[in-house]
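Take a look at the structure set out below.
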Amino acid sequence: MRIAIFIFLALLSLEAHAQKQKKTSKKNVQKEIPKRYALGSGELLLFSEMDGMRTKITVSFDKHGAREVTETVGYRAVEQDLNLKVHSKSIFLNGILTTMDLQEGTGTRYSVGQFADAGGINFSTITDSMKKEIGLEKTSKMDTVLGYPCEVWNIAHPTIPFSGKYSVWGNLVLKSETMTNGVPMKTYAVKIEANKPLDESLLSIPEDIVFKKPGE
């Protein structure tokens, strides 16, 4: 997951730049911040497959992504019939990204402002210099996923073994095929419920979660 960490640090840099703009004109910055998703609200169901593991991912959001909850449940075959369950949840709210491992009962909180993205890359705000730094390029190709016309982006990181392509509609990644250290991963949407209100109960945090500092 080194690519996710790399992009996260890059997003922090973007947020620092946004803070400088905020000092100049708070009102103007609020108008200039782009909507993360074309949809105002909705729920996206995806499945991810990698190295013998199949994961169900549910992304729920409203306010064009200003509030977002992602829940991940997966199983991996370990030593024949033994299954290891993975259950995690992340909440993006008020510029704070809260991530939780519901199996271990631990969590972390990050201040990431308006530039976080559930898929790891905010295609609507990423700068040309950042695209070059991580090897991201928008192609002229188009893809269709669940009837939605998607832009196709390629990535080939120049310094770490990560490459792949994304099919993106309205800044939502509906399909991706990536390769990390020679291990392929495929993620694809199977259902989109456009304009579905966000269930407020999804924003709740279990009382037994123990929060740690990032990196612990």
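The values are calculated or read from the model by the stated rules, or taken from the named source; none is laboratory data. Everything numeric in this text was worked out from a predicted model, so none of it was measured. No Cβ is skipped: glycine too gets one built from the backbone with ideal geometry, and neighbour counts run over all protein chains shown.
Within segment 36-89, the only residue that satisfies the criterion of being modelled with pLDDT of 95 or more, of a type in the set (F, W, Y) and surrounded by fewer than 19 Cβ atoms within 10 Å (Cβ to Cβ) is F47.
Report those strands (runs of 3 or more DSSP E) wholly inside segment 132-216 carrying at least 2 residues which are over 23 Å from T70 (Cα atoms), at pLDDT 95 or above and of a type in the set (S, T, Y). Before the answer, list the steps.
Values: elements: 136-145, 148-156, 162-169, 172-180, 183-194.
Of the strands (runs of 3 or more DSSP E) lying wholly inside segment 132-216, those with at least 2 residues that are over 23 Å from T70 (Cα atoms), at pLDDT 95 or above and of a type in the set (S, T, Y) span 136-145.
Kindly indicate which of G135, G147, G182 is touching a His at 6+ places or on another chain (Cβ under 7 Å), small (G, A, S) and free of Cβ contacts under 8 Å to residues at least 40 places away in the same chain.
Values: G147 fails: touching a His at 6+ places or on another chain (Cβ under 7 Å); G182 fails: touching a His at 6+ places or on another chain (Cβ under 7 Å).
Answer to the selection: G135.
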